[in-house]
Amino acid sequence: MLTTAGTGSEVGRASVITNAKTHVKKIIFHPKVLPTVVICDPELTVGLPPAITAGTGLDAFAHCVEAFSSPHYHPMSQGIALEGMRLVKEYLPRAYSDGQDIEARAQMMSAAMMGATAFQKGLGAIHAMSHPIGAMFGTHHGTTNAVCMPAVLDFNAPAIAPRFDQAAAYLGIAGGFDGFCRFVQDLNDGLGIPRKLAELGATTEPLEALISGALDDPFCGGNPRPLTHTALRDLFLAVV
């Protein structure tokens with residue numbers, strides 16, 4: 001049996017459904033989607049291939065980063081997101097390099113749950129972009145998030161730099177926000193994440209449909225800077 005440590009659906013109240021005909025992802029929220037009993041066994045993840053370990057782990061990281069970036073007020077989620085980032089920083093490279101590292105696998109399961117708990121505070125442009133890209137091109141969700149993350153951090157810099165100065169200090173990353181951004185790119189590179197979505201098969205041919213899908217995404221409004229048509233156009237062109 002094989003499972004992952006990324007989405008955090010074990011503590012989530014949402015489902016994502018892709019319409020194969022329209023290539024649109026829809027998110028359904030309902031309290032009854034939330035599980036009543038959860039068993040997280042890291043031994044079930046030891047067979048996960050490195051590429052999927054990286055993609056799902058970076059999905060958890062994206063949840064924490066976007067929750068921490070969200071302008072909404074939720075101090076508990078803010079703290080959980082910060083510690084979730086630390087766990088990913090410390091343990092995802094270990095799980096990637098040695099799938100049998102049971103401590104790293106267990107810590108990544110915790111990070112995944114923490115990311116999904118934290119994003120009750122909100123998500124933003126990374127996920128708003130990733131959903132239409134994944135629906136149209138079938139790209140892996142967490143890997144797509146990881147490719148989008150550096151560009152979104154750069155776009156959101158005017159709104160989030162001070163709080164990530166503090167996060168960087170907690171995470172042991174020198175250089176404040178700029179150092180955090182360098183860390184993110186280095187982490188992606190070290191985990192075999194491509195720098196452009198074109199390497200995953202995405203193109204800019206349906207650019208207007210991608211922009212429209214992102215604008216319609218429920219997480220569009222959670223970004224710390226407004227996501228206009230022009231802003232999303234520039235972001236998609238930067239990552240594809």
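The values are calculated or read from the model by the stated rules, or taken from the named source; none is laboratory data. The structure displayed is predicted, hence computed values, not measured ones. Quick reminder, even Gly has a Cβ in these numbers, built from the backbone with ideal geometry, and neighbours come from all protein chains shown.
Within the range 1-14, the set of residues being at pLDDT 80 or above and of a type outside the set (D, E) comprises T4, A5, G6, T7, G8, S9, V11.
Conditions (1) out of contact with any helix residue (DSSP H, G or I) (no Cβ under 9 Å at 6 or more places or on another chain); (2) under 21 Å from E66 (Cβ atoms), marked per residue:
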| site | (1), (2) |
| --- | --- |
| G192 | no, no |
| R195 | no, yes |
| L200 | no, yes |
| E205 | yes, no |
| A209 | no, no |
| D216 | no, yes |
| C220 | no, yes |
| P224 | no, yes |
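Only one of the numbered conditions (1) surrounded by fewer than 15 Cβ atoms within 10 Å (Cβ to Cβ); (2) aliphatic (A, V, I, L, M); (3) farther than 13 Å from H127 by Cβ is violated by A54, and that is (1). Total residues in the range 171-189 satisfying the condition of being assigned to a helix (DSSP H, G or I), loosely packed, with under 12 Cβ neighbours inside 10 Å and touching a Lys or Arg at 6+ places or on another chain (Cβ under 9 Å): the figure is 1. Reported count of residues in the range 190-237, each being aliphatic (A, V, I, L, M), closer than 30 Å to Y96 by Cβ and surrounded by fewer than 15 Cβ atoms within 10 Å (Cβ to Cβ), is 2. Would you please name the residue that is farthest from P158 (Cα to Cα), looking only at residues in the range 22-51 that are part of a helix (DSSP H, G or I) and touching a Leu at 6+ places or on another chain (Cβ under 9 Å)? Applying the filter and picking the extreme gives L44.
For the structure I just gave you, tell me whether E90 is under 19 Å from the mean Cα position of the chain (by Cα) and either part of a strand (DSSP E or B) or surrounded by fewer than 24 Cβ atoms within 10 Å (Cβ to Cβ) (or both). Working first, answer last.
Working: under 19 Å from the mean Cα position of the chain (by Cα): yes; either part of a strand (DSSP E or B) or surrounded by fewer than 24 Cβ atoms within 10 Å (Cβ to Cβ) (or both): yes.
So E90 fits the description; yes.
Right, R163: modelled with pLDDT of 95 or more, surrounded by fewer than 20 Cβ atoms within 10 Å (Cβ to Cβ) and within 22 Å of L227 (Cβ to Cβ) or not? For R163, the condition - modelled with pLDDT of 95 or more, surrounded by fewer than 20 Cβ atoms within 10 Å (Cβ to Cβ) and within 22 Å of L227 (Cβ to Cβ) - is met. Only one entry in V65, V147 is β-branched (V, I, T) and farther than 24 Å from R13 by Cα, namely V147.
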